[in-house]
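One structure below.
The values are calculated or read from the model by the stated rules, or taken from the named source; none is laboratory data. This one's a predicted model, so the numbers in the text were calculated from it and none came from an experiment. All Cβ positions, even for glycine, are placed from backbone atoms using ideal geometry, and neighbour counts span all protein chains on display. SASA here: full protein model, heavy atoms, side chains in, ligands and nucleic acids out. Shrake-Rupley method; radii C 1.70, N 1.55, O 1.52, S 1.80 Å.
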Amino acid sequence: MVKRADSEGRIPADQSQMATMQSPSTRTSAVRSERTYFLVIDGQVSYPFELPTHGEVVIGRASDAAIRLDDTSASRHHARVDLADGEAWIVDLGSRNGTRVNGESVAEPRALLSGDVVTLCSATLIFHREIGASTGRSALSTTQLRQRLLEETDRSLAFHRPVSLLCLQFSGPLPSRPAVLDSLGSVLRISDSVAWAGNGSLLILLPERDATGASKEAERLLAALASVTQEVRVGVVSCPRDGSDPDALLLASQSAAQSSSQPGTQVAVEDTAVTVDLSDTKILLVEPAMKKLYALIERLAKAELPVLIEGETGVGKELAAKALHHHSARRGKPLVSLNCSAFTENLVESELFGHERGAFSGAVTTKQGLIEAAHTGTLFLDEIGEMPLSVQAKLLRVLETQKVMRVGDVRERQVDVRIVAATNRDLQAEIAAGRFRRDLYFRLSSARLSLPPLRNRPRELPVLARVLLAGACRKLSRDSIAISDAAMHLLLGHRWPGNVRELRNLMDFVAATVDGDTLLPWQIEEQLQSTVPSEMPEQPRTVKVTSLPQTESVPPVHFRPIDDEIRELERRRMMEALAACGGVQIRAAALISMPARTFTTKMKQYKLSAKDSP
């Protein structure tokens, strides 16, 4: 059984049976994680490592370590992760060079929050869980505060009410904790909750406070603390403005406070963002995992290794490839891209390797292939898992010999090209199914990058939504559009199977179609509902249909989407009410028990006028 830390970060022995003392209902609500894993960045490789719900995971250089490290400066058994009751704790096993979490040395077992960055020598492990949870009620414990925050964010999502979180980071000697709490007692409400974090910072939960209200509250708190200390930095986050994931909000508030340039100032999540400038493209990074990955990209760019980029569709694989080229010595040379799924087998071969005149029907001229066009530069092969086996064999030879032969030619041409490939498929499964060559996979994956989906980047989603919407409005030369809290709740609850590409397309749609200066939920509901869920399995490439003896023809049953039927019924009832009240909207709204403002808004949505009747 894993022990829990007290407010000082220690683990008292008398709390070892804490989990068994919880009521069944409390235990049920505590364990809500759907998936827990490390994103491991070790040397020139990054990959996700799934963690069990219970047990322990040893990290180190030894052959029996669950997560093996290549760095010779790491100890054989360097650190251990203990998992139980929905929580994870990192323990240093007396290693030579120590274990760090978010830059701080781990002297005693430390609870991990989603997004924590664990450093072991040159290796980086980024902890993530889908839904964080804990037990208990607001007190001076970070785990209890996290549970309280979980309750408040759930309430916020259900009832569209704001909740904010402050992190007060003290510089220099830590003032007396009782003195700090006494100073804040006159400012804080009974409903507010406070907790001391392991690094000596103070977390303050503010229900019913939006970002503006939280900022004003922070000013009052700083004034109240002036008699105790003036060395305080404040990080401010708010739900739904900055997200709804409790762990992400906790870490975002602490990161914001730590990034403050001087005491007495406030920092929001947007202020912690990092922009990667690729000349014609700018990439906004907020999540620590993405910042670490792009730092790894910058290191990998200096090498000439082939790189395999893995991730779901729309997650930003092409941007990662562009960053690899931009930071490399080939920066001023061509970056040539090919989507392998966009061409048939013959066309892919011709596009890649080129062809001689008369090589096949329709080849009326000689054509240089993309590999030759990328000479001295970089060739980006998107959707490499879609490449036909025959073309894979020829590409393997190019990688091994750095020579290319055009279709219909008999001589090889020397090329100097770096290959960067990307896929949204599980290539190991494709190899097992005989659809991808194992030897080509090993040649392409000298270095691997695994990009997390947008739903696992909770800090970035709100920031990206606002930035993309502002950019779309600028392109159309129209006034900016604010995202209402209710609309942000809707965006945060979506699974985003199309990831950043889907979000960008939605914001372009909003900028082109929404009237007014505020985005409301009903204006994007239909667009989000039309998205195919990411959980739907991919269709196989080849489907063999076996004819079965038909006994009796059964006509197919078709159903209309229930949302369409509800909208049709609502529109018809509004028309009937308008006709019955002679077009008086207030009376028509009262007739069907609908708020007058909602009635007016839906009239615009359904394009109704006061003269409409069934």
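Worth a mention:
- Here the contact order of the stretch 351-472, divided by its residue count and restricted to Cα pairs under 8 Å and six or more residues apart, works out to 25 percent.
- Protection proxy ranking, peptides 348-354, 400-406, 268-274, average beta carbon neighbours within 10 Å, highest first: 348-354, 268-274, 400-406
- Fraction of antiparallel bridges per DSSP, the chain only, in percent to nearest 5: 70 percent
- Per-residue SASA entry for HIS77, accessible area with 1.4 Å probe, Å² rounded to 10: 80 Å²
- Taking every alpha-carbon pair under 8 Å whose residues sit at least 6 apart, the chain reaches a relative contact order of 10 percent.
- Cα centroids of the stretch 460-485 and the stretch 403-444: 40 Å apart.
- Scoring 509-515, 122-128 by mean Cβ neighbours within 10 Å over their residues and listing the highest first yields 122-128, 509-515.
- Probe 1.4 Å, all protein chains present, accessible-area order of GLU217, GLU576, largest first: GLU576, GLU217
- Given the choices (1) 43; (2) 48; (3) 57, percent of Cα pairs over 33 Å apart derived from the coordinates of this structure is entry (3).
- Over the residues of the chain, the helix contribution to mean residue ellipticity at 222 nm works out to -10000 deg cm²/dmol, using -39500 (n - 2.57) for each DSSP H run of at least 4.
- Which listed pairs, of LYS302/LYS322; LYS302/LYS333; LYS292/LYS475; LYS282/LYS475, have C-alpha distances above 23 Å, in listed order: LYS292/LYS475
- Accessible surface of the chain, 1.4 Å probe, proportion on carbon and sulfur as whole %: 51 percent
- Rolling a 1.4 Å probe over the protein chains gives SER176 an accessible area of about 70 Å².
- Distance between the C-alpha centres of the stretch 291-368 and the stretch 48-64: 35 Å, rounded to the whole angstrom.
- Cα shape, the stretch 102-234, gyration tensor, a/c 1.5 rule: oblate
- The residue list ASN346, GLY115, TRP522 was ranked by how far each Cα lies along the charge dipole of the chain toward its positive end, using unit charges on Cβ atoms, and ASN346 comes out on top.
- Test item: Cα-centred dipole of the stretch 225-284, Lys/Arg +1 and Asp/Glu -1 on Cβ, debye: 180 debye
- Other residues whose C-beta falls under 10 angstrom from the C-beta of LEU251 contribute a net charge of -3, scoring Lys and Arg +1 and Asp and Glu -1.
- Label sites at THR281 and ALA579, each approximated as a point 7 angstrom past Cα along Cα to Cβ, lie 5.5 nm apart.
- Take 458-464, 524-530, 309-315 and order them by the average number of nearby Cβ atoms within 10 Å per residue, most first; the result is 458-464, 309-315, 524-530.
- Stretched out straight at 0.36 nm per residue, the stretch from ASP154 to LYS216 would grow longer than its current Cα-Cα span by 19.9 nm.
- Rolling a 1.4 Å probe over the protein heavy atoms leaves ILE283 with an accessible area of roughly 10 Å².
- Accessible surface, per residue, of the chain when the full set of protein chains is kept, probe 1.4 Å, Å²: 48 Å²
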